[in-house]
Amino acid sequence: MKVLVTGGAGFIGSNFVHLTLRSRPEAAVTVLDSLTYAGNAASLPDDERVQLVKADIVDADTVDALVADADVVVHFAAESHNDNSLDDPTPFLHTNVIGTFTLLEACRHHGTRLHHVSTDEVYGDLELDDPDRFSPTTPYNPSSPYSATKASSDLLVRAWVRSFGVEATLSNCSNNYGPRQHVEKFIPRQITNILDGQRPKLYGAGLNVRDWIHVDDHNAAVWAVIDGGRPGQTYLIGADGELDNRTVMAAIVREMGLEPDAFDHVEDRPGHDLRYAIDASRTREELGWSPRFNDFAAGLRDTIAWYRDNEWWWRPAKAATELRYERIGR
Ligand code: NAD
Ligand code: DAU
């Protein structure tokens, strides 16, 4: 089975490639990735079953040739960070919208099976006490340039399924954590700040809730959708892991041996989504998937250990990331 993984040098994509090699002996993987600041070739396994093609997802000729040669395409490539999208939305339009369009055209041309990886942020946010969670029928209501471009990409996929019969599935997942996540994101930023002797940074009062899932649980669900998902359907992926940011921060500082108040409150993110929460019933019931990492404290401990043991991986990106944050005052 030839699997084309776009964005496979990023956080979730690279963990998907590792999982695929471990669990699918029949699979050969081609990674299409332009190696932006968020991509890292060193995240990929050194294995003859993996080939990296450095190319932009909007490069139609390259995309067409790679799709022609694939049995299935798994589309992770995206600009993925909300704070960056508030600073400059341009690359988000380029990659998330035009990139997805380019890939859809190639899949249409070659009749290739596509799985599109998306986010719960397309649904906007929830009140803290809202009894409803996001489900496949929740109306789209994105808040940031990032989530608006992901919503746009989802709508393109749905239209290409309906109008052109492209055989595509979609999944919308909540916040991932685990190894190889860029140091710009919440959990790795705090861990590496502490390892660097810097104070962690909490946006605003830290009341915002995220629904945490281990990256391997997300990727196992993606495989479940590829194997058994119905074309045109959307599958929500989440592990009932709602926690507010204060609680996650407290767990990080405690686990790393600091006093409970050893962090700074910094200016809040503009338009900051309050709460995400996923109802993954369809994915669980229809595909028989369920999360295996049900102990967040243990998963966080392993993630902290990974960053402690792999400074060579994150160090090159750390100074530039903190400079960017300094510039926007967070
Ligand atoms: P990431 O930023 O770590 O990785 C993105 C990858 O895409 C990088 O390797 C980058 O080099 C590549 N890329 C960016 N622009 C490209 C372009 N123009 N052409 C080719 N490659 C390009 O992102 P991530 O956190 O791994 O997220 C992967 C996907 O999962 C995204 O589509 C994101 O929307 C979605 N998602 C992420 C989360 C999360 O918690 N991180 C949750 C749900 C869904
Ligand atoms: O919900 C899925 C989404 O989760 C994905 O689609 C995105 O690609 C991914 O980046 C993530 O988006 P968030 O904006 O929720 O993740 P981030 O790690 O940037 O922030 C998580 C929470 O922590 C959020 O409420 C903002 C807060 N935060 C973030 C940083 C970087 C802080 O308090 N301090 C920080 O330093």
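The values are calculated or read from the model by the stated rules, or taken from the named source; none is laboratory data. Note that this is a predicted model, so its numbers are computed, not measured. Please note: Cβ atoms are built from the backbone with ideal geometry, for glycine as well, and neighbour counts cover all protein chains shown. For accessibility, only protein heavy atoms count, side chains too; no ligands or nucleic acids. Shrake-Rupley method; radii C 1.70, N 1.55, O 1.52, S 1.80 Å.
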Pairs with Cβ under 7 Å, 6+ apart, first in the stretch 202-221 and more than 19 Å from Arg301 (Cβ to Cβ), second among the hydroxyl-bearing types (Ser, Thr, Tyr) and more than 7 Å from ligand 2 (Cβ to nearest atom): Ala221/Ser171; Ala221/Thr283
Residue satisfying condition, being open to solvent by 30 Å² or more (accessible area, probe 1.4 Å), more than 19 Å from the chain's Cα centre (by Cα) and either at positive phi or of a type in the set (A, V, I, L, M, F, W, C) (or both), within set Ala78, Ala41, Ala68, Ala55: Ala68
Odd one out for Thr90 among (1) over 18 Å from Ala151 (Cα atoms); (2) open to solvent by 60 Å² or more (accessible area, probe 1.4 Å): (1)
Selection count where residues are touching a helix residue (DSSP H, G or I) at 6+ places or on another chain (Cβ under 7 Å), without any contact (Cβ under 8 Å) to a residue 60 or more places away in the chain and not hydrophobic (A, V, I, L, M, F, W, C), scope the stretch 4-53: 4
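On the basis of being surrounded by fewer than 17 Cβ atoms within 10 Å (Cβ to Cβ), over 21 Å from Val73 (Cβ atoms) and in contact with a helix residue (DSSP H, G or I) (Cβ under 7 Å, 6 or more places away or on another chain), does Arg199 make the cut? Show your work before the answer.
Values: surrounded by fewer than 17 Cβ atoms within 10 Å (Cβ to Cβ): yes; over 21 Å from Val73 (Cβ atoms): yes; in contact with a helix residue (DSSP H, G or I) (Cβ under 7 Å, 6 or more places away or on another chain): yes.
It is true that Arg199 is surrounded by fewer than 17 Cβ atoms within 10 Å (Cβ to Cβ), over 21 Å from Val73 (Cβ atoms) and in contact with a helix residue (DSSP H, G or I) (Cβ under 7 Å, 6 or more places away or on another chain).
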Residue match in the stretch 79-89 (condition: more than 14 Å from ligand 1 (Cβ to nearest atom), acidic (Asp, Glu) and closer than 26 Å to Arg210 by Cα): yes
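Can you name every residue in the stretch 127-139 that is within 14 Å of ligand 2 (Cβ to nearest atom), open to solvent by 20 Å² or more (accessible area, probe 1.4 Å) and either β-branched (Val, Ile, Thr) or under 26 Å from Ala220 (Cβ atoms) (or both)? If you could, list the steps in order and put the result at the bottom.
Of the residues in the stretch 127-139, the ones within 14 Å of ligand 2 (Cβ to nearest atom) are 128, 133-134, 138.
Applying the additional criterion that residues be open to solvent by 20 Å² or more (accessible area, probe 1.4 Å) yields 128, 133, 138.
Within the stretch 127-139, Arg133, Thr138 meet the criteria.
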Residue in the stretch 241-264 that is nearest to ligand 1 (Cβ to nearest atom), counting only those that are within 27 Å of Ser290 (Cα to Cα) and not in a helix (DSSP H, G or I): Gly241
Residues of the stretch 94-115 satisfying the condition of being assigned to a helix (DSSP H, G or I) and away from ligand 1 (no atom under 13 Å from the Cβ): Leu104, Glu105, Ala106, Cys107, Arg108, His109, His110
Asp130 among the charged types (D, E, K, R), closer than 18 Å to Asp279 by Cβ and touching a residue at least 40 places away in the same chain (Cβ under 8 Å): yes
